[in-house]
Each structure stands twice: as C-alpha cells, then as structure tokens.
Amino acid sequence: MRTAAKDQLLMAASLLERTRVGLAFTGAGVSVESGIPHFRGNGGLWTKFDPYKVAHIETFRKNPAEYWTYSLNHRRSDAEPNPAHRALVELERRGLLRAVVTQNTDGLHQKAGSGRVIELHGSSHSVVCLDCEAKFPRDEIDRLNRQHCPPSCPACGGRFLKPTVVLFGEALPEAQLRSAQSLAMAAGVVLVVGSSLQVYPAAGIPRLAREHGADIIIVNAEPTPFDEMAAVVIHGKAGEVLPEIVSRIEADYGASATGNV
C-alpha cells in the first residue's frame, strides 16, 4: 500500500481510538464485495436502469410490475457479510463505535453481528400490502413473484405489495432519522464507508456531525462531495481498508499493553 495510504490508515485508527463516541455511516459500497450491486458511480445500477421507473413510489402505485420485474433479475437474497461488515463489528466490540447508520436495506450489518443498526432506507427483508397493510417475509413474496409477476397479496388479493424500503418520493422513517441525527450530534468521529454522499436527507447525517465538531473519515472507492471537509479520505475497497484500520488499532493496543508506545 502506498505511503500516503498508510498515513491515512494511521490517522483513521488514531481518530477512532481517541474518540468517546464513534459512529459509522454506510452506503451501498460496503456491500459490493458481498455481491450486491451498487447504485451510483461507474457501472452502478442507476446507470443501467431509470430509478424513477423501477424505484419511485408514484411509478410503483401506477404499475408495480416495473419494480417486481426488476427485482426478479437483480435482487440478491443469498449475500453474506464481507470483511468490511465484520471489521465494523470488531470496532463496535472494542467500544469505538456506538452504532451503524446505514443507507443499505440488505441486513448484512445485522447478519455480521452489529448490535445497533439504524436503517434509514428501511429493510428489503419484508413486504407490506398497501391495500390491507398486512406484512409478509420477503422470501414468501419472492416465491410468489417467480410464479406470477407482479405478486398478489396473500391476505386480500391486492396488487400493491411493496418492499419495506424507502422508494424515491417517500420520506425517511421519522424515528430512525431522529435517532441518526441525535447520534450524529453527539459523535466525535464519523466513519463513512461506501457512500457516494449524494442522497439526501441521509447524506445530511455526516454533515450534521461535522457541524457539531466531529471528525469525518471517508472510505470510498470514488471521490465524494464531502472529501474536502474530511479529516481522512481513503479511496479503496471497504473490505480491504477497514480490516487494515482494525489491524492498526490492534497493533497500537498490543504496543500499549507491553509499554512499547
């Protein structure tokens, strides 16, 4: 790894070790190495599909088949956590992260073992009927979708079964947004991983933290609009960079324990 990158790793580890309240903020890039496609940037899904056709609430209400046809070909239900997810769990275990605020709906942070996960964009693991409000496991509705697209509600026969994710045109869940904002205002460091930081209001969380004095660490494959305000910026794969940060912290702990600091 280049010297400049090593210096950034050292700074990131140092900031996380010194803070009283650390917060992680994650986007699609943290799950790319689990085989889940990202949305923006080079090769992202939104460069191939119009999100306002397949993932907007108004389009969904007019023709849910647009979403469910897209889902047939692009939903990954077998994904497993990767080293980036596990590194965040280790940082939490060491008391360096209070929570993970995520834009992701894949549930991989919980699957990896993160204790407190705030899902700003909802969860893709359940489905709600907009007609009768009944909820169902996503796997059950995916089976129905493979048999007949779009699927019908098993409870009322309605045709508007919607995943419990926040589509374009919908507000973020108020309770989760308030929790994320409170954590941001209390944070000393925010570790941003795999987010383009272009989707609002979610991207306002790291900005709010910075306005309240937090240092920002950004780990992302591509530049973001927040890079200039960050204390540390590392361009690379989350699954490679985060374990390196954890290793640096472990090395510092070992040196401190033996008095070799």
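Show which aspartates and glutamates lie in cross-link reach of K6 when reach means a straight Cα distance below 14 angstrom and same-chain residues fewer than eight apart are skipped.
Correct list for K6: E240, E244.
For the chain, give me every cysteine whose Cβ has no other Cys Cβ within less than 4.7 Å, ordered by residue number.
Isolated Cys, the chain: C149.
Hey, any idea what the orientation-averaged projected area of the convex hull of segment 139-261's Cα atoms comes to, in nm²?
If you wrap the Cα atoms of segment 139-261 in a convex hull and average its projections, you get 12.1 nm².
About the Cα centre of segment 149-261, what is the dipole size in debye to 20, counting +1 per Lys and Arg Cβ and -1 per Asp and Glu Cβ, all else neutral?
Here segment 149-261 has a charge dipole of around 500 debye.
Using Cα springs under 10 Å in a Gaussian network model of the chain, which residue among H235, H148, H56 shows the largest mean-square fluctuation?
H148
Could you work out how far the C-alpha centroid of segment 190-214 sits from that of segment 117-167, in angstrom?
Segment 190-214 and segment 117-167 have Cα centres separated by 30 Å.
Based on Cβ point charges of +1 for Lys and Arg and -1 for Asp and Glu, what charge dipole magnitude is obtained for the chain about its Cα centre, in debye rounded to the nearest 20?
With only Lys, Arg, Asp and Glu charged at Cβ, the dipole is about 280 debye.
Average projected area of the Cα convex hull of the chain, in nm²?
Convex hull of Cα atoms, orientation-averaged projection: 14.2 nm².
For segment 92-161, what does the equivalent ellipsoid look like in terms of its semi-axes, each the square root of 5 times an eigenvalue of the Cα gyration tensor, given largest first in whole Å?
32, 12, 8
Bear in mind that the values in this text are calculations on the coordinates, not laboratory data. Because the structure is predicted, anything quoted here is derived from the model rather than measured. As a convention, Cβ positions derive from the backbone with ideal geometry for all residues, glycine included, and neighbour counts pool all protein chains shown.
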